[in-house]
Ligand code: PEP
């Protein structure tokens, strides 16, 4: 299946409210009628409502950077999937490498969040990827297989159909060291084949697998030319709207 590229900008803990409002205004204008890409941005929680309202009808999706695994309760400082859904988000990242490696999130916590996201009809973008020592030790496939298996444990086939996966090698995130297009394609193919074995060919072929890790306007096109790369998850290079739009344009014209 030919897929329209899906390009997501992850702002992480960056941009002020004023900058976010201006960014969204410019993005809306620049993308107006440009078609041929799916696009999303991940603002800070506190700007989600404002950004969702400003982007209504634009075709740009608003993606949460994280959710908690519980829908409500005594979890001071946390934000639930139901709240995220209520303000207008359609997707959430789950298991981003900074959540796993800075905040110590385990595969079982990731799995609980996956189930919660699906329960409120929020599409999860499951982020997986190996650390540098794991790649050097030849463990990339086993790490990715384990994160997939644990992250998707006990999730039904109807939900797997809606899943998006982001392959983000930890050593490439925010480091300026992008995986080569061939390295990215190789792991994407492994992910797709793993999904094929567990859930069948149709689901595997329809699955969106995004690449993330030091994507910028100079490497976006080459990455998107790989047959298994269906989109990009962009951190640092999405913080300036001009650079994000350039990445979208390059991805579109691969
Ligand atoms: C990310 O945050 O998911 C990411 C890929 O960051 P960067 O593009 O800055 O490496």
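The values are calculated or read from the model by the stated rules, or taken from the named source; none is laboratory data. Bear in mind that the values here come from a model prediction, so they are computed numbers and not experimental data. Here Cβ is always computed from backbone atoms with ideal geometry, including for glycine, and neighbour counts include all displayed protein chains.
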(message) Of the residues 173, 203, only one is closer than 22 Å to residue 135 by Cβ and touching a residue at least 40 places away in the same chain (Cβ under 8 Å); which?
(response) 173
(message) When the residues of region 115-149 are narrowed to those that are within 16 Å of the ligand (Cβ to nearest atom) and farther than 14 Å from residue 186 by Cα, which ends up surrounded by the fewest Cβ atoms within 10 Å (Cβ to Cβ)?
(response) 132
(request) Those residues that are surrounded by 20 or more Cβ atoms within 10 Å (Cβ to Cβ) and near the ligand (Cβ under 9 Å from one of its atoms), I need them from region 215-236; list them, please. (result) 215, 232, 233, 234, 235
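Identify the residue in region 6-38 that is assigned to a loop (DSSP other than H, G, I, E, B) and away from the ligand (no atom under 16 Å from the Cβ) and, among all such residues, is modelled with the highest pLDDT.
Kept after step one, since they are assigned to a loop (DSSP other than H, G, I, E, B), are these residues of region 6-38: 11-16, 32-37.
In the following step, the residues that additionally are away from the ligand (no atom under 16 Å from the Cβ) were identified as 16, 32-37.
On the way: 16: 98, 32: 73, 33: 61, 34: 59, 35: 62, 36: 71, 37: 80.
Within region 6-38, the match that is modelled with the highest pLDDT is 16.
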(message) Being closer than 16 Å to residue 161 by Cα and more than 16 Å from the ligand (Cβ to nearest atom) is the filter here; which residues of region 83-110 pass it?
(response) 90
(message) Name the single residue that is farthest from the ligand (Cβ to nearest atom) among those in region 158-180 being assigned to a helix (DSSP H, G or I) and farther than 20 Å from residue 97 by Cβ.
(response) 158
